[in-house]
Amino acid sequence: MTTHRERIQTTLAGKTPDRTPIALWRHFPNEDQNPETLVKATLEFQQTYDFDLVKVTPASSFAVKDWGVEDEWQNNPEGSRAYIKHVIQKPQDWEALSVLDPTTAPHLSGQLACLRLIRQNLSPDTPLLQTIFNPLSQAKNLAGNDLLIEHLRKYPEAVHKGLETITQTTKKFIEAAIDTGIDGVFYAVQHAQSKLLTLDEYKIFGAPSDQAALKPTDGLWCNLLHLHGSEIYFSLLRLLNFQIVNWHDRETYPSLSEAQNLFKGTVCGGLRQDSLLHGDPAKVKEEAADAIQQTQNQRFILGTGCVVYYQSPAENIAAAKKSAA
């Protein structure tokens, strides 16, 4: 039988796999506060649905809590947590950030422990990806989005210094994560959309830190870029080195078929988050069939544009899995 790893590698090579690969991931809003419980929840989700790769989804705060932010669970349907304390209040605060050692900082080292446990208990034939929030996304979580954008436009030098610190810390974390045995990173970019920044602004404040932070991933074979939001700057793919790209393809340009003409790698998507939450198995199967037709089942992984809402019915997730059979 074809393994998950072989199926994904066949797809990345531009060849036709034995069946459509599928990868779905979700938040675990209670279990993600402890490495051991996140391990258990992640493995149980995979054991239930047997997806072709496992994307580890900690709360976004894991990357910034060691700088002092605080968050809480406020029943967001996506499963993400709300920030209730930011540590950036004035421009000088960016310059006060210090580079963290991921092997000793409590929350970063806790996520590394989580990865080691998952890798030990997950089949070696199943690719494992760690979520990395890019430096600009982490800066947003440190300051709040409105203040971040105000500061980068009014006090760019201060923000650049903060981003340099965040980037160095992120790079060190990725290096340590690679040592745990991951196959790639799921790199979440949240500001490459026109309603937040201009393309020139992203090229100044986002792209350089992305390129620096991602340098350790050059040797990994299964890196996945997630471009979050609408009216995204899909052209940024030319500046980054990813095998797979994922975005809200049902809600914003480009479509899956258009993307395959713009990107030589593999596209991941086809399913609306809302269809898995509020739809029925027939709707899920309809979207999956359309996505497979759009891509001719080439260089394609069936997935959602972002996380599966944590309250999505099991029968809809199962329908997605059956659609890839």
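For region 250-325, take N as its residue count and report Rg(C-alpha) divided by 2.2 N^0.38 Å.
Rounded to two decimals, the normalised Rg is 1.05.
Order these peptides, 253-259, 56-62, 73-79, 9-15, by their mean beta-carbon neighbour count within 10 angstrom, highest first.
56-62, 253-259, 9-15, 73-79
Relative to the first principal axis of the alpha-carbon coordinates of the chain, what is the inclination of helix 314-323, with its axis defined by its Cα atoms, in degrees from 0 to 90 and to the nearest 10?
Relative to the chain, helix 314-323 is tipped by roughly 60 degrees.
If the label point is 7 Å along Cα→Cβ of ASP101, which residues in region 172-216 have backbone nitrogen under 20 Å from it?
Once the point is set 7 Å along Cα→Cβ of ASP101, 172-180 turn out to lie under 20 Å by backbone N, inside region 172-216.
Can you give the angle from 0 to 90° between the axis of helix 281-295 and the longest principal axis of the chain, with both taken from C-alpha atoms, to the nearest 10?
Value to nearest ten degrees: 80.
Please give every one of the aspartates and glutamates within straight-line cross-link reach of LYS215, meaning a C-alpha to C-alpha distance under 19 Å, and leave out same-chain neighbours fewer than 8 residues apart.
ASP101, GLU164, GLU175, ASP179, ASP183
What does the helix-only formula give at 222 nm for the chain: each DSSP H stretch with n ≥ 4 adding -39500 (n - 2.57), the total divided by the residues, and the result rounded to the nearest 500 deg cm²/dmol?
-13000 deg cm²/dmol
Could you please state, rounded to a whole Å, how far the C-alpha centre of region 96-162 is from the C-alpha centre of region 247-325?
Region 96-162 and region 247-325 have Cα centres separated by 27 Å.
Angle between the Cα long axis of helix 145-154 and the longest principal axis of the chain, 0 to 90 degrees, nearest 10?
50 degrees
Pairs to check: LYS65/LYS264; LYS65/LYS161; LYS15/LYS322; LYS195/LYS283. Give those whose C-alpha atoms are more than 28 Å from each other in this structure.
Going by Cα-Cα distance, LYS65/LYS264; LYS195/LYS283 fall outside the 28 Å limit.
Between GLN296 and ASP50, what's the calculated FRET efficiency when r is the beta-carbon distance and R0 is 35 Å? Round to 0.05.
Calculated value: 0.90.
7 Å from Cα along Cα→Cβ at both THR252 and ASP218: what's the point-to-point distance in nm?
3.0 nm
All of the numbers you see were taken from the coordinates with simple rules; none came from a lab. If you're wondering where the values come from, they're calculated on a predicted model, not measured in any experiment. FYI the Cβ positions are ideal-geometry reconstructions off the backbone, even for glycines, and counts take in every protein chain you see.
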